[in-house]
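*Asks:* I am attaching a structure below and will ask some questions about it afterwards.
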Amino acid sequence: MIAELSWLIPAVPAVSAALIFLIGKRLPRHGAEIGITAMAATLVLAIAVAAQVWRANVGVTIDPEGGGGAFLLERAVTLAPLGEDIAVQLGMRVDGLAAMMFVLVALVSLMVHIYSVGYMHGDARYTYYFGLLSLFSFSMLLLVIASDLLVLLVGWELVGVCSFLLIGFWWERKEIQDASMKAFLTTKFGDVGLVVAVVALGGATGSFAIGDILEAVEAGEVSHGLLTFALIAMILGVVGKSAQFPLHTWLPDAMAGPTPVSALIHAATMVTAGGFLVARLYPAFHESAAATGTLAVIGAITLITAGLLALVQSDVKKVLAYSTISQLGYMIAGLAFSYVAGVFHLFTHGFFKALLFLGAGSLIHAAGSNHMEAMGGLRRFMPITFWTFLLGSLALIAVPPFAGFWSKDEVLVSALDAGGYTGILVFALGGVGGLITAFYMTRVLYLVFAGQYRGHGQPHESPASMTFPMIVLAVAAVGIGWVNLPVEAVQARAFSSWVMYDLGYWVEHPVEFHPFLALMATVLALAGVLGAWAIYRTYPERDPMYHLGIVSHVLERRYYLDDLYTDLISRTAVRDLMGPAAAWTNDAVLDGVVAGAGRGAMGLGRRLYRTGDQKGLEGVVNGLGVSALWSAARVRLAQSGNVQLYAGAMFVGVVVLAVAFAVGGN
Amino acid sequence: MAAIYPLTFAALLFSVGVYGVLSRRNAVLVLMSVELMIAAVVVNLVAMNEIVATQMGDPLLTGQAFALFVLGIGAAEVGVGLAIVLLLYRNRANVNVDDAELMKY
């Protein structure tokens, strides 16, 4: 039972982080070797655990009556009793979902570690950087493995702290400090909701253990109103962490951090923690139509608005950032209808978006700028980057048979099958979102790789330490979608069975492959590609995205959401409106009251002064002083300095006490 | 009640000590009176031990053992006290406790 050793998966990166911080600087490779070794070991363990879960779950014939039977391993040690019967447990809950996340996190983290050796070469805080990478990997794996919502919350906050530290890694520049602060505070705003949800669920069920909570919810022990309240509060945390509308504004700014960090944290792992949390508590979400409806609407709005924003970015990382937000919207919307759809998209997206970010890092490394105006024609200089980036883009555009096609199709199918207003909304917006995705990724490809080089200097291909992770992830981006093929011949729906929390789920939710739907989605994607191709083929320099009048303007201002938050709410509302209002209230109302009260008080005071104060109080105060002086003059005589007088007083005192005891004691 | 004799004796001895402490002006005599009071306590301890031992049995002879402790501590206390008296004499050329009134208001 290799799964019994799952606790090593977060423990190894934790030890690695400690070692790097302690002795990393003195090692020949400045700590990078520790991080890479540890993550490689973690990956081996993760794959072993995943394989065991796979053997247990995949290919098992399901009893239509009983259901159940999915792999689940729970081990816990009780840390501290809270009051009478609630205890905090440090434990692990290993099932298909956790095993899937282990593989995703460990593989992407290892690739990012290797990539960073080249990308961060020569940085002043090289060792510190690798320490933070290991610390982040530990935190994320702790979040994944936790069997207790409180421990999960610890992991959740730790990844937030690591994200804050890594976004602000080059903290010498003010705007980078601001970006990290914004990311931290925005996600923290959502975390308030998560804490409320955890406490509400823990209070309602008497336990913080995920297993106990799910059991209680499925047994109907939690009232429906309270459950809905807790889940909606939890969605607030999900919205903050997974950068969903309207709290998504921190993620584009988070691109100020090093690019490998963006690949690991802001594309593949941390931002998917929201989706993971929903999947973790999926049976609970399944009970509340209000919660899943909220998820669907938020996801649908996010996927379309963020997709449109990606159209007008000139910074290649920001295109990918908005694309990530959009794809996270697909995940959240997919989770509203089908467990598998959201989780599968989370899995595939982690690989190909990490690949795209690493490719962007390679481009930035070569061109010395984030802006696509300073790139162009890089296909000839950087063949490996070009081909891997192209494969990643095809996966993101959802061209069959690349990974994104299978998972995005799953989302659309489940939305259509679910039907209803939310289902139709997600299906329609998701289809249009696919077109937009194809358009902006084709735009990026043309602006970066076609035409003439427009930047400075001579671009060159990145070193092998950077191209190797890109090649590995490109293989995953091409092939990972095949683990869930809807074809009987090759272990149909293997991925779904692998991550499923309850194998009986399939009896109620048969998800079929719709050839027509797949064809339609592909046609939409190709239409986007062709549209972008038609526009950018001839003149990639003259970008029509900036000449659409008011549309471009609104998109460039990011729907004025940042303006809403900083200008309207914090500046206009607080400073310009509430400020003057408060000032007017202050001047006209409060000042009048204060002035009137002052005048009245002065008159009263004058009268009081003459009668009460001068005659009454003054006498009392002076009398007090005089009497204190007089009594002090008497009392001080006791301090004669004569030892025998003191001894006599003590003796008298003892006699008095003895008599008192003798009389009163009986 | 044989115990009444040592207890009465101890009470008288203690009273003599108290009188000495309160009335003598010579610091050495005050110190000696303190020793009388301590001796009274020692007598009390031994007498009380006898009472307890006859009524409940006390194989450890607690009171007598404590009497030895008190004698030891009394000797140490005399050492400290005489050192103070000696310093007093060096500074003032007399050992009258009345004159040592630096702590006066």
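*Asks:* Taking a quarter of the surface of the convex hull around the Cα atoms of the protein assembly as shown, what do you get in nm²?
*Replies:* 59.5 nm²
*Asks:* Amide H to amide H, which residues 5 or more places from A:Q89 or on other chains are under 5 Å from it, using H placed in the peptide plane?
*Replies:* When sequence neighbours closer than 5 places are left aside, the close amide H contacts are A:L79.
*Asks:* If you fit an axis through the alpha-carbon atoms of helix A:289-310 and take the longest principal axis of the Cα set of chain A, what angle between them do you get, 0 to 90°, nearest 10?
*Replies:* Tilt of helix A:289-310: around 70 degrees.
*Asks:* Separate question: Specify the angular offset, from 0 to 90 degrees and rounded to the nearest 10, of the alpha carbon long axis of helix A:174-205 from the longest principal axis of the alpha carbons in chain A.
*Replies:* 80 degrees
*Asks:* How high is the relative contact order of chain A, given as a whole-number percent (alpha carbon pairs under 8 Å, six or more residues apart)?
*Replies:* Relative contact order of chain A: 13 percent.
*Asks:* I would also like to ask the following. Amide H of A:A209 versus every other amide H placed in the peptide plane: which residues, excluding those fewer than 5 positions away on the same chain, fall under 5 Å?
*Replies:* Sorted by chain and number, the residues that satisfy this are A:L149.
*Asks:* Taking the Cα centre of region A:135-242 as the origin, how large is its charge dipole in debye, to the nearest 20, when only Lys and Arg (+1) and Asp and Glu (-1) carry charge on their Cβ atoms?
*Replies:* Result for region A:135-242 is approximately 460 debye, rounded to the nearest 20.
*Asks:* Let me ask something else about it. For region A:92-212, what does the alpha-carbon gyration tensor say about shape, rounded, prolate or oblate, given a ≥ b ≥ c as the root eigenvalues, a/c under 1.5 as rounded, and a/b over b/c as prolate?
*Replies:* oblate
*Asks:* Moving to a separate point now. Would you work out the Kirkwood radius for region B:4-99? I mean one over the mean of 1/r across all pairs of different Cα atoms, in Å.
*Replies:* Hydrodynamic radius (Kirkwood, Cα only) of region B:4-99 equals 14.7 Å.
*Asks:* Further question: How big is the charge dipole of region B:4-99 about its Cα centre, in debye rounded to the nearest 20, if each Lys and Arg gets +1 on its Cβ and each Asp and Glu gets -1 on its Cβ?
*Replies:* Charge dipole of region B:4-99: 340 debye, to the nearest 20.
*Asks:* How about region A:133-233: which trypsin sites (Lys or Arg not before Pro) there lie in a loop by DSSP and see at most 15 other Cβ atoms within 10 Å?
*Replies:* Those satisfying the criteria are A:R173.
*Asks:* Just how large is the dipole of the protein assembly as shown about the Cα centre, in debye to the nearest 20, putting +1 at every Lys and Arg Cβ and -1 at every Asp and Glu Cβ?
*Replies:* 2640 debye
*Asks:* Exactly which GluC sites (Glu not before Pro) in region B:50-105 are in a DSSP loop and have at most 15 other Cβ atoms within 10 Å?
*Replies:* B:E101
*Asks:* Taking GluC sites (Glu not before Pro) that fall in a DSSP loop and have at most 16 other Cβ atoms within 10 Å as cut points, what is the longest piece of chain A between them?
*Replies:* The segment A:222-511 is the longest one with no such site.
*Asks:* Could you calculate the FRET efficiency of B:T54 with B:L29 from 1/(1 + (r/R0)^6), where r is the beta carbon distance between them and R0 is 45 Å, rounded to 0.05?
*Replies:* In this case the efficiency is close to 0.75.
*Asks:* Putting +1 on Lys and Arg Cβ atoms and -1 on Asp and Glu Cβ atoms, find which of A:G293, A:G434, A:W387 reaches farthest to the positive end of the dipole of the protein assembly as shown.
*Replies:* The one lying farthest along the dipole's positive direction is A:W387.
*Asks:* Name the residue from A:V144, A:F189, A:I176 whose Cα lies farthest towards the positive end of the charge dipole of region A:142-246, charges +1 on Cβ of Lys and Arg and -1 on Cβ of Asp and Glu.
*Replies:* With unit charges placed on the Cβ atoms, the residue in question is A:I176.
*Asks:* May I pose another question? For A:K615, go through the lysines and keep the ones whose alpha-carbon is under 21 Å away, minus same-chain ones fewer than eight residues off.
*Replies:* Partners within reach: none.
*Asks:* Given the DSSP H assignment, sum -39500 (n - 2.57) over each helix run of at least 4 residues in the protein assembly as shown and divide by its residue total; what's the result at 222 nm in deg cm²/dmol, nearest 500?
*Replies:* Calculated from helices alone, the mean residue ellipticity at 222 nm is -23000 deg cm²/dmol.
*Asks:* Now for a separate question. Using only the alpha-carbon atoms, how far is helix A:403-418 inclined from the longest principal axis of chain A? Give it as 0 to 90 degrees, nearest 10.
*Replies:* 70 degrees
*Asks:* Dipole of the protein assembly as shown (Lys/Arg Cβ +1, Asp/Glu Cβ -1, origin at the Cα centre): which of A:L346, A:G329, A:A32 lies farthest to the positive side?
*Replies:* Of the options given, the answer is A:A32.
Each value in this text was obtained by applying a stated rule to the coordinates, not by laboratory testing. Remember, predicted model here, so these are calculated numbers, not experimental data. Quick reminder, even Gly has a Cβ in these numbers, built from the backbone with ideal geometry, and neighbours come from all protein chains shown.
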